[in-house]
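Following: one structure in structure tokens, then a few remarks.
Every number in this text was worked out from the coordinates using simple rules, so none of it is lab data. Note that the structure is predicted; figures quoted are calculated from it, not measured. Here Cβ is always computed from backbone atoms with ideal geometry, including for glycine, and neighbour counts include all displayed protein chains.
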């Protein structure tokens with residue numbers, strides 16, 4: 001019976017892929033190579049109605065997005081085991097799988113589900129992980145992402161970041177003077193988007209607090225820029241900066257006690273740090289050039305964009321000593337830097353000398369070497385997953401803003417699926433409890 | 001797009017004004033474009049029937065000022081229009097908003113700063129003409145509110161602008 005189903009699946013594999021794309025599954029724009037081949041077999045489920053989520057597919061996508069795994073297409077699988085005792089190592093060796101994930105979902109209550117899964121090492125013919133994860137119907141995606149995290153951790157030693165969230169702004173332009181801006185919060189892969197804020201005026205630069213409970217952003221709702229802190233759970237909002245001129249680019253200190261942002265109340269854009277408990281402001285930069293896009297390197301150093309050298313470049317300034325140092329020397333435009341959690345790699349918007357394209361590049365802060373990661377042309381707003389394995393950035397495709405996910409090793413690339421026409425300013429959450 | 005059309009209409013108005021030498025009442029509609037200005041039909045004999053006045057009306061109709069890429073330097077044609085706006089602002093004492101905008105190239109927050117730099121450049125010019133800084137509010141929208149969609153050179157040129165709004 002299983003074999004029969006498989007043959008059928010194989011025959012319609014192409015159509016199935018098309019269908020998935022149409023339904024908004026991750027669109028693969030570039031394949032993976034040299035990544036570990038892994039098979040995530042469709043999970044068993046005995047219920048009368050099909051589950052609302054294809055959990056094995058979610059996990060396969062997660063692993064692919066890391067750039068470290070190459071999930072084997074279902075159409076290539078020779079059997080569909082749902083428990084490790086059903087795994088025939090030869091079936092998987094033949095199709096080149098190094099690992100197999102099998103599992104079955106069972107209903108354990110009115111709205112309670114449990115996924116029992118095994119991770120199998122094909123070479124050693126050995127089960128390396130066997131666990132179960134449970135949750136409600138609305139948590140099936142969470143269960144799948146959780147499974148991805150566990151498999152990823154087991155095989156790479158790196159904490160998985162698939163159970164994280166993404167903030168971004170969607171713009172729906174009806175006419176020149178009529179655009180609806182919404183602040184969206186979704187799974188990191190774009191699924192389950194929820195609108196947190198809606199405005200007829202631009203919303204910009206959303207940024208997650210390190211505890212994952214608050215968001216800082218810029219809103220033009222009063223027809224001028226103001227910085228708000230938005231409490232995700234309650235929806236409560238606190239306006240924290242509404243000075244004359246620019247109020248922009250908020251960035252949380254890693255300890256969550258301070259917010260760095262940009263004000264031009266003294267005549268031109270300067271970087272300030274606000275202590276959130278006392279609301280006390282401290283001016284950090286003092287230069288007639290544009291200073292903007294602060295981001296933290298530890299709790300005592302800010303990295304920012306400045307055109308004090310004539311062109312936008314990245315600088316860092318120590319808050320205690322005031323010492324300032326230029327960090328970028330390659331390219332004629334480097335801006336909007338973000339740091340990896342370990343502080344060793346900087347990601348930024350980069351334009352090479354003599355080129356028109358803005359691309360996302362990484363720079364090794366110890367060795368200084370720079371690597372261009374993207375192949376598109378109006379790339380901006382990079383945001384890095386908390387484990388540094390993936391990054392998401394905004395770019396343009398056929399005149400509309402899209403979010404692209406790339407693995408930092410450069411192997412995986414995909415467009416984040418969405419129901420919106422125009423997306424921008426993604427911000428990746430920290431690890432969430 | 002619209003602004004360009006305004007500009008053309010304004011040029012026509014000037015041409016008519018000079019050729020026909022008919023009257024117009026500048027300044028009465030607080031800078032809004034009057035499509036009938038210069039045609040003479042609506043003249044109520046208030047005097048000042050000369051081409052200069054029509055040209056002033058045409059310049060007054062220009063409320064969007066364009067910039068080169070990555071530049072906040074005012075162009076000569078912008079200055080001529082701003083001279084008229086400065087005169088109006090000084091006599092009326094009203095408050096206006098200078099909205100700075102950029103094209104889509106570069107990062108959004110950097111463009112926010114660049115848009116403000118452009119608005120500040122217009123502000124500086126108006127203040128030099130004697131307008132009180134208190135009459136001028138600066139707001140930068142960066143690249144967030146493009147006048148024209150698309151990534152063509154033409155669209156981007158229309159987006160690098162400062163709009164004077166009453």
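Look at the stretch B:136-142: the mean tally of other chain Cβ atoms within 10 Å of its residues' Cβ atoms is 5. The stretch between residue A:344 and residue A:415, if pulled fully straight at 0.36 nm per residue, gains 22.9 nm over its current Cα-Cα span. Here A:241, A:114, A:48 are placed in order of increasing Cβ neighbour count within 10 Å, fewest first, which gives A:48, A:114, A:241. The modelled label-to-label distance for the pair residue A:300/residue A:355, using points 7 Å beyond Cα in the direction of Cβ, is 3.7 nm.
Note on residue A:239 and residue A:321: with the Förster distance fixed at 30 Å, the Cβ-Cβ geometry gives a FRET efficiency of about 0.40. Of all DSSP beta bridges confined to the protein assembly as shown, the antiparallel ones make up roughly 90%.
Take the Cα of residue A:311, step 7 Å toward its Cβ, do the same at residue A:106, and the gap between the two points is 6.4 nm.
Note on the range A:25-156: antiparallel DSSP beta bridges, both residues inside, total approximately 70 percent of the bridges counted. With axes computed from alpha carbons, what is the tilt in degrees of helix A:55-65 against the longest principal axis of chain A, rounded to the nearest 10 within 0 to 90? It works out to around 50 degrees.
For the range A:26-105, a/c is not less than 1.5, where a ≥ b ≥ c are the root eigenvalues of the C-alpha gyration tensor, and a/b does not top b/c. That puts it in the oblate class. Report, for the range B:63-166, the % of DSSP beta bridges that are antiparallel, rounded to 5. The antiparallel proportion sits near 55 percent. Neighbour counts of other Cβ atoms within 10 Å put A:182, A:164 in the fewest-to-most order A:182, A:164. Could you state the number of Å between the C-alpha centres of the range A:34-48 and the range A:388-433? The range A:388-433 and the range A:34-48 have Cα centres spaced 25 Å from each other. The angle between the Cα long axis of helix A:13-22 and the main principal axis of chain A comes to about 30°, on a 0 to 90 degree scale. Neighbouring Cβ atoms from other chains, within 10 Å of the Cβ of residues in A:213-223, number 1 on average. Going by the alpha-carbon gyration tensor, a ≥ b ≥ c the square roots of its eigenvalues, is the range A:111-170 rounded (a/c under 1.5) or, if a/c is not under 1.5, prolate (a/b greater than b/c) versus oblate? Oblate is the answer for the range A:111-170, as a/c is 1.5 or above yet b/c matches or exceeds a/b. Here the residues A:230, A:145, ranked from fewest to most Cβ neighbours within 10 Å of their Cβ, fall in the order A:230, A:145. If R0 equals 60 Å, the separation of the Cβ atoms of residue A:174 and residue A:93 corresponds to a calculated FRET efficiency of about 0.60.
For peptide B:143-152, the mean count of partner chain Cβ atoms within 10 Å of a residue's Cβ comes to 4. If R0 equals 22 Å, the separation of the Cβ atoms of residue A:364 and residue A:128 corresponds to a calculated FRET efficiency of about 0.10.
Here the spin labels are modelled as points 7 Å beyond Cα on the Cα-Cβ line, and at residue A:83 and residue A:278 they lie 6.3 nm apart.
For the protein assembly as shown, just say rounded, prolate or oblate: build the C-alpha gyration tensor, square-root its eigenvalues into a ≥ b ≥ c, call rounded for a/c under 1.5, and beyond that prolate if a/b exceeds b/c, oblate if not.
Numbers: a/c = 2.65, a/b = 2.06, b/c = 1.29.
Taking the square roots of the gyration eigenvalues as a ≥ b ≥ c, the protein assembly as shown is prolate.
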